[in-house]
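What follows is a single structure, written as structure tokens, with notes after it.
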Amino acid sequence: MMGQTVERSFLALGTEVRLVVVLPQGPAPERVRAAQAQASAALEQAEGWIRRVESTLSRFRPDSELSQLNASQASSLLVSPLLTTALSAALRMAEWTEGLVNPTLLPELEAAGYRQSLAPGWASSHLNLGDVSAHPGAGSSPPHRVVGWSPGSAPPRDPERRESRWQAIRVDRRFHLVTRPPGVRVELGGTAKGWAADQVVRRLVGQGGRRGRGPAALPRGEAGPPPAVAADLGGDLRVFLPPGAPPWPVTVADPFRPETAMARISLPEGAMATSTTLRRSWEHRGGMAHHIVDPRTGHPADTDLVSVTALAPSALWAEALAKAALILGRQEGVRYLEERGVPAVLVSRTGELLTTTALRRYRHEFHVAPAHDFAAC
Amino acid sequence: MVKKWTALVRFGLSVLGVVVGTALLGTMSRPTPEQTVGQATAPSALTGPRLGEAESESLYAAVDRSEATLSGAYSGEWDDHDRYHDDEYGGDDDDDDYDWDELWEREDDDWDDRWEHEEDHEREEALRLRPAFPAGSLPTLRSRGS
């Protein structure tokens, strides 16, 4: 039985965006209709806000504020509150991941060939999936070619070396002043979707945002619970569930066959994000490249993982954790997540399905048998 | 002479003693009113010798006196009882004095209120127990990676 659901789907930030509001059952029909109309209006405003985020933060738009910041030779610039907050969030993730996920890898991305938007539809038509090992347990998976740098061809990693330009950026959130060495360019693709998902949900449920700076809060019944809200920005999910609501069901796509679910996880709160090397990939200099740059090499990560799904209190954090583990690879990535108690599902290049111990806290089921369940260790 | 008078006095006293004694004996043998009530209902009265007419009259008179005494003893309580009913129903303790229509209407109103309250409570309880987001009400999301 589906509740009173109001949805809005559109393309923005180079991906598919889906906003969902589920109204509580119980009120009289006329009140439900009024609430639906108010929810639709709120989601329309939310879409407008996300489009404003895109027009402000996109590096592919020369007229965006971010592009103007990157083009400026001034060391200090006054920027909008939106750019201030988004850049602050990206720098905070860089700090938390010790630079594994940082916003100053734009030169490396461009050097790898990522100079234009990979909007939905573009990537799938350019991916040349060849021979790759089958996904164990998934039956007759199509042959598949490993995407990324083939073993041995990637530059050697230097554990001590991590791109550290991000540490030179200073953001004064009070005065919206950004200071950085001239020439340090910023790219927020690694955190903007998660951050925007968090912001949209928080503002829709009336937990954040200022008047005129974000979508309006959803109407709240006089006596009933508030609505359940979810934002899905290209797979970076943030949900809000009022007390008493059941966990939100989420399927995790098989990275080798994105239209097929490989797992189903009940998300009681917070966020979930999946980072994969298979979605935004392109041919480059006779090989395949992807958009996850390893700051230790300055090149697309040569990782034995193809996908990491992480659960966290916020989509910003979940996205950063998933990317960091993906960059680190199977052995280090699992250790990284285990040390932080992160519930996660990892898929290796060879199709092995791995889970962390913390995932045990969440109700989940797999459509393919995990090759290794760290919770059982 | 003296002896003659003395004997005469003794005879007179004896006669008087006999008369008084007889009278006293008769008085003592008559039942008290309370004893009469009890004895009259005793099974022995039905199976024993039949009383004379005079004795019966005397017995009934005693019973009447006893009832009168009882009535007097309870009269205050009945007055209180009547007053209670007067206060309760707004009238005398006489059915003819009640406004039964008004009473029934009042009773009906009370029951209507009670039922309405019960129904409201049941409705509220049902709403409280019915989940605002029943199972299956949330559409499935999809984390497909980026």
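Within the stretch A:11-33, if we keep just the residues that are over 27 Å from A:Lys193 (Cβ atoms) and in contact (Cβ under 8 Å) with a residue 40 or more places away in the chain, the residue that is farthest from the other protein chains (Cβ to nearest Cβ) turns out to be A:Arg31.
Among the residues of the stretch A:58-68, are any in a strand (DSSP E or B) and either of a type outside the set (Gly, Ala, Ser) or under 21 Å from A:Ala318 (Cβ atoms) (or both)?
Our first condition is that a residue be in a strand (DSSP E or B); within the stretch A:58-68, this holds for none.
There is no residue in the stretch A:58-68 that is in a strand (DSSP E or B) and either of a type outside the set (Gly, Ala, Ser) or under 21 Å from A:Ala318 (Cβ atoms) (or both).
Considering only the stretch A:163-193, state which residues are crowded, with 17+ Cβ neighbours inside 10 Å and charged (D, E, K, R). Once the filter is applied, which keeps residues that are crowded, with 17+ Cβ neighbours inside 10 Å and charged (D, E, K, R), the stretch A:163-193 yields A:Glu163, A:Arg165, A:Arg180, A:Arg185, A:Glu187, A:Lys193. Which residues, taken from the stretch A:71-88, are in contact with a Ser or Thr (Cβ under 9 Å, 6 or more places away or on another chain) and in a helix (DSSP H, G or I)? Within the stretch A:71-88, A:Leu82, A:Leu83, A:Ala86 meet the criteria.
Could you check how many residues of the stretch A:225-261 are out of contact with any helix residue (DSSP H, G or I) (no Cβ under 9 Å at 6 or more places or on another chain), more than 7 Å from chain B (Cβ to nearest Cβ), more than 26 Å from A:Val293 (Cα to Cα) and not small (Gly, Ala, Ser)? Even if it seems obvious, please write down each step before you answer.
Within the stretch A:225-261, the first condition is being out of contact with any helix residue (DSSP H, G or I) (no Cβ under 9 Å at 6 or more places or on another chain), and the residues that meet it are A:225-226, A:228, A:241-257, A:259-261.
Filter once more, keeping what is more than 7 Å from chain B (Cβ to nearest Cβ): A:226, A:241-243, A:247, A:254, A:256-257, A:259-261.
Restricting the remaining residues to those that are more than 26 Å from A:Val293 (Cα to Cα) gives A:226, A:241-243, A:247, A:260-261.
Now narrow it down to the ones that are not small (Gly, Ala, Ser): A:226, A:241-243, A:247, A:260.
Going through the stretch A:225-261 one residue at a time, the tally reaches 6.
Go through (1) in a loop (DSSP other than H, G, I, E, B); (2) surrounded by fewer than 24 Cβ atoms within 10 Å (Cβ to Cβ); (3) within 12 Å of chain B (Cβ to nearest Cβ) one by one and return the number of the condition A:Ser266 breaks. With respect to (1) in a loop (DSSP other than H, G, I, E, B); (2) surrounded by fewer than 24 Cβ atoms within 10 Å (Cβ to Cβ); (3) within 12 Å of chain B (Cβ to nearest Cβ), A:Ser266 is out only on (1).
Looking at this structure, is A:Gln36 surrounded by 15 or more Cβ atoms within 10 Å (Cβ to Cβ), of a type outside the set (Gly, Ala, Ser), within 11 Å of another protein chain (Cβ to nearest Cβ) and over 27 Å from the mean Cα position of the chain (by Cα)?
Working: surrounded by 15 or more Cβ atoms within 10 Å (Cβ to Cβ): yes; of a type outside the set (Gly, Ala, Ser): yes; within 11 Å of another protein chain (Cβ to nearest Cβ): no; over 27 Å from the mean Cα position of the chain (by Cα): yes.
Answer is no for this residue.
So which residues in the stretch A:343-366 are out of contact with any helix residue (DSSP H, G or I) (no Cβ under 9 Å at 6 or more places or on another chain) and over 17 Å from A:Val306 (Cα atoms), if there are any at all? Of everything in the stretch A:343-366, those that are out of contact with any helix residue (DSSP H, G or I) (no Cβ under 9 Å at 6 or more places or on another chain) and over 17 Å from A:Val306 (Cα atoms) turn out to be A:Arg361, A:Tyr362, A:Arg363, A:His364, A:Glu365, A:Phe366. Given the criteria part of a helix (DSSP H, G or I) and either within 18 Å of A:His176 (Cα to Cα) or within 14 Å of another protein chain (Cβ to nearest Cβ) (or both), does A:Arg8 qualify? For A:Arg8, the condition - part of a helix (DSSP H, G or I) and either within 18 Å of A:His176 (Cα to Cα) or within 14 Å of another protein chain (Cβ to nearest Cβ) (or both) - is not met. Residues in the stretch A:64-92 that are surrounded by 13 or more Cβ atoms within 10 Å (Cβ to Cβ) and among the aliphatic types (A, V, I, L, M): A:Leu66, A:Leu69, A:Leu77, A:Val79, A:Leu82, A:Leu83, A:Ala86, A:Leu87, A:Ala89, A:Ala90, A:Leu91.
Read-outs: derived from the displayed coordinates by stated rules, not from any lab. Owing to the predicted nature of the structure, the values given are computational and were not obtained by experimental measurement. Because the Cβ atoms are built from the backbone with ideal geometry, glycine has one as well, and the counts that use them run over all protein chains shown.
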